[in-house]
Amino acid sequence: MFRKTFVLCVICALWVSTVSAQNGSFNYPKPRRGDQVDDYHGVKVADPYRWMEDTESAETRAWIEAENKITFDYLGKIPQREAIKNRLTEIWNYERYSAPAKIADGFYIYTKNDGLQNQSVLYRANSINDPGTVFFDPNKLRADGTAALGGSSFTDDGKLWAYGVSQAGSDRTEWFVMDTATGQLLPDTLTPNRQGVNAWMKDNSGFFYTGYPPVEKGQELKAQTFYQKVYFHKLGTPQSEDYVVYERPDNKEYFSSVEISEDGNWLIIYVGKGTERMNMIYFKNLATQKGAIMPLIENLENDWNFLGNDGSVFYFQTDKNASRGKIVKVDVLTKEKVWSDVVPESVDTLGNVSFINNQFVLNYLHDASTLIKIYKTSGKFIRDVKLPGIGSAGGFGGKRSYTEAFYSYSSFNAPPTIYRYDMKTGKSTLFRQAKVKFDSSLYEVKQVFYNSKDGTRVPMFLTYKKGLQRDGTNPTLLYGYGGFNIPQTPGFSVGRVAWLEMGGIYAVACIRGGSEYGKDWWKGGSRLNKQNTFDDFAWAGKWLIDNNYTSTPKLAMQGGSNGGLLVGAVLNQHPDLFGAAIPQVGVMDMLRFDKFTIGWAWTSDYGYAKNPADFKAMYAYSPYHQAKPGTKYPPTLVTTADHDDRVFPAHSFKYTAAMQHAQAGDAPVLIRIQVRGGHGAGLPTALAIEQQADMYAFLVKSLGMN
């Protein structure tokens with residue numbers, strides 16, 4: 001104990017004494033460079049900061065403290081930061097709502113934030129004209145606002161509500177059950193786990209949920225999780241009596257989830273692996289007491305999403321033989337199951353599908369912006385839903401019998417607007433409109449297309465003040481993600497308003513790895529093709545410069561999670577292309593990402609280091625390993641959080657230490673470590689404003705903005 005305390009004191013004394021920046025150079029902490037070397041297929045790979053993976057050790061905690069002091073001292077001295085924070089606080093302070101969800105007759109639920117509340121509040125209304133009353137206020141869970149709603153599931157009649165609570169942004173949630181009429185909690189609880197309630201029985205007797213075996217105490221934010229199971233909890237009994245409904249001991253990496261058909265007769269079981277949109281389908285007839293679980297799809301080759309049923313005829317959304325998606329049907333009780341198309345594949349990419357008023361509402365992406373089309377179950381086209389412009393629309397939730405739906409629309413320069421949609425007449429009626437304190441008419445959204453390194457045509461959205469002069473002097477923030485089949489679509493962010501008001505261009509590149517153009521677009525930026533993602537992003541920056549929107553000293557890039565990996569990889573490959581970089585909560589060690597929490601699931605996008613071909617590809621772009629000593633890197637601000645149990649924060653710790661060791665120039669390489677924060681979800685408004693103010697202040701100084 002004495003030695004540990006002595007070492008901690010010495011390290012703190014040494015590191016804290018080196019936090020000031022003098023004459024443009026930074027005296028960073030000098031963390032120990034260990035001698036850890038691993039052999040991957042005959043290649044010796046050094047991992048000098050392996051010890052930082054013990055995030056709670058005295059040595060790591062001292063390094064964190066010293067780094068945060070350097071960072072916050074630096075950011076706090078930027079003159080414009082206070083004005084940026086004040087403006088962010090002003091524009092963030094507006095009423096914002098979610099679209100109402102009809103739970104049962106006379107029972108609507110929606111969220112509302114008065115403006116600066118740390119967490120949005122759930123309201124209950126008796127009709128769409130009823131302003132409603134507070135139903136659940138997460139802000140009362142913790143005074144600092146770092147406890148958030150982490151899941152929600154109502155019974156069909158709305159009498160019971162299961163909800164999860166997440167602490168400090170963690171993916172682990174604790175679940176409770178409430179009587180919605182009285183607000184009283186039932187004794188039924190689920191202890192914290194990476195879990196979620198999937199479906200209630202129609203008679204409210206209990207619910208199905210998924211979860212993992214408990215992890216060792218103290219390892220909750222780091223330990224790997226395998227062998228997910230589907231459980232059933234009978235109301236009024238302790239969790240210890242819950243039984244396993246479905247499990248796959250044959251493969252520890254399989255994910256499972258369930259849903260119950262709207263008629264209550266069928267249990268649908270999904271089984272997938274990793275983050276690929278590929279799953280198997282099993283089903284069980286709930287009307288039969290001893291009904292067996294039957295297979296329907298038993299290969300991991302395609303995406304299958306159950307939409308509804310007419311008796312034993314099931315409707316699915318799938319990408320089988322249709323990389324951009326389609327709707328099919330099959331009679332599951334026939335011996336020879338014959339699949340037939342209901343809505344064939346389109347030239348556009350099919351996203352979400354809803355089943356309302358006995359009609360399918362299909363949400364398509366056309367060059368990454370939304371198109372909504374409605375079809376009968378016969379496959380006959382009914383109508384398009386007219387939208388205000390180039391933007392994103394979502395919603396249309398509800399039951400098959402409903403004749404009304406709600407959807408929201410937003411774009412980069414258009415705050416969210418909620419519409420009520422009459423499914424019978426096709427009429428949209430304005431329901432609620434956000435009133436943000438900025439003049440959106442002063443800004444325009446433009447879509448451009450550019451050629452990537454290999455000639456692939458890539459879309460990009462640009463937002464800026466009207467009358468912009470293309471003289472190469474405009475501060476520009478380029479954002480990207482490029483992974484996990486997740487598209488980048490036009491959407492409103494109040495945090496971006498301040499950037500636009502400061503004269504900045506906001507650019508979003510829809511690069512490969514996402515789903516903007518279906519499954520093939522994702523495959524083109526995953527596994528052995530991952531380098532295409534980085535090329536697409538770098539060539540977006542080149543295009544912005546070549547077309548005089550900006551120049552290298554005025555161009556910054558930003559991305560989070562997989563987007564943090566994107567920024568880190570591109571920064572290493574093109575250190576002279578950008579004027580600043582902000583990699584957030586990134587996957588930075590591509591050889592060990594699968595060792596922590598849920599990281600193993602990402603191998604579907606990245607590959608396995610144990611596979612020689614995957615190793616060669618990943619090692620070539622791994623940000624931690626490719627930080628090159630002697631390189632002059634532009635100003636870089638790494639961000640992470642101490643409770644991030646999705647992307648283990650040691651990724652950012654090791655990467656920052658490697659970059660500071662490699663930096664040959666005078667530009668800062670800093671790390672901002674959020675306390676009681678996670679991967680991003682549930683971050684309190686107050687902390688979100690502080691973080692945004694820090695990032696914009698960093699860009700103002702780095703890009704030489706007034």
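The values are calculated or read from the model by the stated rules, or taken from the named source; none is laboratory data. Everything numeric in this text was worked out from a predicted model, so none of it was measured. Quick reminder, even Gly has a Cβ in these numbers, built from the backbone with ideal geometry, and neighbours come from all protein chains shown. Areas reflect the complete protein model, heavy atoms only, side chains present, ligands, DNA and RNA absent. Shrake-Rupley method; radii C 1.70, N 1.55, O 1.52, S 1.80 Å.
Go through the residues of the stretch 664-685 one by one and say whether even a single one is part of a strand (DSSP E or B), closer than 16 Å to I70 by Cα, without any contact (Cβ under 8 Å) to a residue 60 or more places away in the chain and under 21 Å from the mean Cα position of the chain (by Cα).
Looking for residues that are part of a strand (DSSP E or B), closer than 16 Å to I70 by Cα, without any contact (Cβ under 8 Å) to a residue 60 or more places away in the chain and under 21 Å from the mean Cα position of the chain (by Cα), one finds at least one in the stretch 664-685, hence yes.
Given the residues Y619, Y608, Y633, which is the only one that is among the hydroxyl-bearing types (S, T, Y), within 25 Å of G579 (Cβ to Cβ) and either more than 20 Å from the chain's Cα centre (by Cα) or assigned to a strand (DSSP E or B) (or both)?
Checking each option against the conditions leaves just Y633.
Kindly check whether there is at least one residue in the stretch 344-357 that is surrounded by fewer than 19 Cβ atoms within 10 Å (Cβ to Cβ), in contact with a Pro (Cβ under 7 Å, 6 or more places away or on another chain), part of a loop (DSSP other than H, G, I, E, B) and not hydroxyl-bearing (S, T, Y).
For the stretch 344-357, residues surrounded by fewer than 19 Cβ atoms within 10 Å (Cβ to Cβ), in contact with a Pro (Cβ under 7 Å, 6 or more places away or on another chain), part of a loop (DSSP other than H, G, I, E, B) and not hydroxyl-bearing (S, T, Y): absent.
Which of the residues belonging to the stretch 533-589 are among the aliphatic types (A, V, I, L, M), closer than 17 Å to S702 by Cα, outside any helix (DSSP H, G or I) and touching a Phe, Trp or Tyr at 6+ places or on another chain (Cβ under 9 Å)?
L555, A556, M557, A580, A581, I582
Mind checking which residues of the stretch 443-478 are part of a loop (DSSP other than H, G, I, E, B) and in contact (Cβ under 8 Å) with a residue 24 or more places away in the chain?
S452, K453, D454, T456, K466, L468, R470, D471, G472, T473, N474, P475
Helices (runs of 4 or more DSSP H) wholly in the stretch 1-113 with at least 1 residues that are modelled with pLDDT of 95 or more - which ones?
Filter on the stretch 1-113 gives 58-76, 81-92.
Counting just the residues of the stretch 46-78 that are buried (at least 16 other Cβ atoms within 10 Å of the Cβ) and farther than 18 Å from F653 by Cα, which one comes out nearest to the chain's Cα centre (by Cα)?
Going through the qualifying residues, I end up with L75.
Residues being of a type outside the set (A, V, I, L, M, F, W, C) and open to solvent by 40 Å² or more (accessible area, probe 1.4 Å): count how many of those fall in the stretch 140-160.
7
Can you name every residue in the stretch 223-244 that is hydrophobic (A, V, I, L, M, F, W, C), over 18 Å from L267 (Cα atoms) and open to solvent by 30 Å² or more (accessible area, probe 1.4 Å)?
Once the filter is applied, which keeps residues that are hydrophobic (A, V, I, L, M, F, W, C), over 18 Å from L267 (Cα atoms) and open to solvent by 30 Å² or more (accessible area, probe 1.4 Å), the stretch 223-244 yields F226, L235.
Only residues that are within 16 Å of S515 (Cα to Cα), open to solvent by 20 Å² or more (accessible area, probe 1.4 Å) and not aromatic (F, W, Y): list them for the stretch 457-490, please.
Scanning the stretch 457-490 gives R457, I486, P487, Q488, T489.
Looking at F208, F176, F255, which one is aromatic (F, W, Y), under 29 Å from the mean Cα position of the chain (by Cα) and within 27 Å of G145 (Cα to Cα)?
From the options F208, F176, F255, the qualifying one is F176.
Of everything in the stretch 272-310 that's of a type in the set (G, A, S) and open to solvent by less than 40 Å² (accessible area, probe 1.4 Å), which residue is farthest from K229 (Cα to Cα)?
G308
Just checking, which of A498, A434 is open to solvent by less than 50 Å² (accessible area, probe 1.4 Å), touching a residue at least 12 places away in the same chain (Cβ under 8 Å), of a type in the set (G, A, S) and under 19 Å from K554 (Cβ atoms)?
None of the other options fit; the residue is A498.
Which residue pairs have Cβ atoms under 6 Å apart, sit 6 or more places apart or on different chains, and have a first residue in the stretch 562-575 that is more than 14 Å from K530 (Cα to Cα) and a second that is of a type in the set (A, V, I, L, M) and open to solvent by less than 10 Å² (accessible area, probe 1.4 Å)?
What qualifies is L571/A581; H574/A538.
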